[in-house]
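The values are calculated or read from the model by the stated rules, or taken from the named source; none is laboratory data. Small disclaimer: the values here were computed from a predicted structure and weren't measured. Every residue, glycine among them, receives a Cβ derived from its backbone with ideal geometry; neighbour counts consider all protein chains shown.
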Amino acid sequence: MMLNKKDLRENLSIPVSDDAGQIETFQNQTLRPILKLQNEIFLMLFKDYALGKISDFNFLTLEKKLNFIEQSLWKDHTLKNIFIGMTIGMLTAEEMEVYISGKNVFNKRIITMLTERLKSQMEK
């Protein structure tokens, strides 16, 4: 039996409320598990990016690191597109149809969630 992309993802127990719309449901049931699955790769890639931009990134204060993460993910379009590509590359064909139907909203949510995810993992 061949695994599909969904089989790789952890099933997150995020409650689905009756009034959750398609966007929120897709975010919680599809995007969040993908971000969790790809977390180690996102972190490695971001640290490499950060050290390329600021050689002493690891020695910055926590506040400066968090600010750098925020600025980089929202302002560097190449970096942003790489992270979005790494996320949507893990979608199935059916999920891609949902993504395409609201890609601007989903891209914003991917970057917002990824920003928070990276910020929460910075060493104090």
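Points worth noting:
- Within region 53-69, the residues that satisfy the criterion of being surrounded by fewer than 15 Cβ atoms within 10 Å (Cβ to Cβ), part of a helix (DSSP H, G or I) and either in contact with a helix residue (DSSP H, G or I) (Cβ under 6 Å, 6 or more places away or on another chain) or of a type in the set (S, T, N, Q) (or both) are N58, N67.
- Among the residues of region 59-111, the ones that are within 15 Å of F42 (Cα to Cα) and among the small types (G, A, S) come to 3 in all.
- Search result, residues across region 74-87 that are surrounded by 17 or more Cβ atoms within 10 Å (Cβ to Cβ) and over 10 Å from the mean Cα position of the chain (by Cα): L79
- Looking only at residues of region 88-110 that are within 12 Å of the chain's Cα centre (by Cα) and in a helix (DSSP H, G or I), we find that the one that is surrounded by the most Cβ atoms within 10 Å (Cβ to Cβ) is I110.
- Out of E97, E24, E116, E40, sole residue that is over 24 Å from D7 (Cα atoms) and of a type outside the set (F, W, Y): E116
- Criterion (within 19 Å of E116 (Cα to Cα), surrounded by 15 or more Cβ atoms within 10 Å (Cβ to Cβ) and at pLDDT 95 or above) met by exactly one of L35, L43: L35
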